[in-house]
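Heads up: the structure comes next, in structure tokens.
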Amino acid sequence: MKDISIVIINYNTATYTLECINSVIKFTDKTLSYEIVVVDNNSNPEDYAHLHENFPKHDHISLHRSVINTGFGGGNMFGAQFTNGTYILFLNNDAMLLNDCLFILHNYMENHPNIGVTTAQNYDEHNKHVISFDHDKGIRKLLLGRSFLEKNWASQFPKRKTAYTEPVSVNFVNGAFMFFRREAFEAVGGFDTNIFLYFEEMDICFRLRQKGFSSVLVPEAKILHYQGVSTGVSKAISKEGMISHLYVIKKNYSHAKYLFIRTYFCLSFLIKPKKWFMLSLVWKGAHLSKSLKQQQQIRFES
């Protein structure tokens, strides 16, 4: 059994994936046994060809191609079946290691058995500290805002924009770098593959708490995160985020809370013309049937 398994998803961004793999090889301590499992989430033929032709030839690095784009959770669960590490790191292909994150987090979690998942401190391409965790997006956060919560309930809602020097417990960690204890990941059933994109972190960290595991930022570990490369920004992506958010609220919290949050969004979008494109979706319940997942098509290799 390996110490650590790393799962990386590629979707039409092969250049970043290859850079990501190289960063793991460059910074990881040779005393750790690890494997890298790359999942191509049905990229276009040109991108996959570039990935395949330039893929590192090592026994501990493997490439697996899905015949359909299954999204973040689905792609990671597809890759997880090929892992056997005591710990599993789900690493965005636009996140590059800046130091020996694996060694740091492996040691930290070996000494803290109650922690289910950790993450590294995120930096942008200008070496500027960026947010590495967030608070559950519930009623208090929507009505009062993050700043108010962080000012008045600092122990429950640590300041996201602070550059920490010591580990800090958080609601949920950044999905770009999620370092799981395998037994904790198994205990909650892994990622919910009903979610195509976004809010997977909030969902799985909530379920970890239900099982007695905490989520922690360990700032000694550092990564460069090219924000948004893996998904991009568009109205369709914004709608997908709303579908996932309401699904997670409805799934994990009371129906009354779900109705309140859904009503809140409807009313707030009415007075925000730039958000009118979301109004019909939320009014009708933002059902999973409207997800981009339903638009994906099978594409076999020729």
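The values are calculated or read from the model by the stated rules, or taken from the named source; none is laboratory data. Keep in mind the model is a prediction, meaning the values are calculated, not measured. Neighbour counts run over all protein chains shown; Cβ positions are idealised from the backbone, glycine included.
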- Checking Ile88 against (1) hydrophobic (A, V, I, L, M, F, W, C); (2) under 21 Å from Gly189 (Cβ atoms); (3) surrounded by fewer than 18 Cβ atoms within 10 Å (Cβ to Cβ), which single condition isn't satisfied? (3)
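Test Phe148 against the criterion of being part of a helix (DSSP H, G or I) and farther than 21 Å from Ile9 by Cβ, and give yes or no.
Yes.
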- Query: Only one of (1) in a helix (DSSP H, G or I); (2) in contact with a Ser or Thr (Cβ under 8 Å, 6 or more places away or on another chain) fails for Ile195. Which number is that?
  - Reply: (1)
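Yes/no matrix, rows are residues, columns are (1) among the aliphatic types (A, V, I, L, M); (2) surrounded by fewer than 19 Cβ atoms within 10 Å (Cβ to Cβ); (3) not assigned by TED's automatic domain parsing to the domain that holds Leu197:
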| position | (1), (2), (3) |
| --- | --- |
| Asn10 | no, no, no |
| Tyr16 | no, no, no |
| Lys26 | no, yes, no |
| Glu46 | no, yes, no |
| Lys57 | no, yes, no |
| Ile61 | yes, yes, no |
| Ser66 | no, no, no |
| Phe72 | no, no, no |
| Gly75 | no, no, no |
- Candidates Phe191, Phe180, Phe133 - the one that is among the hydrophobic types (A, V, I, L, M, F, W, C) and touching a Lys or Arg at 6+ places or on another chain (Cβ under 9 Å): Phe133
- Task: State which residue pairs qualify: first residue over 16 Å from Ser215 (Cβ atoms) and assigned by TED's automatic domain parsing to the domain that holds Asn12 and inside the range 92-114, second residue of a type in the set (Lys, Arg) and crowded, with 20+ Cβ neighbours inside 10 Å in any location, beta carbons under 6 Å apart, and separation of 6 or more residues or different chains.
- Result: Leu98/Lys222; Asn99/Lys222
- Note on the structure: Here the residues within the range 1-45 that are free of Cβ contacts under 8 Å to residues at least 60 places away in the same chain and part of a strand (DSSP E or B) are Glu35, Ile36, Val37, Val38, Val39, Asp40
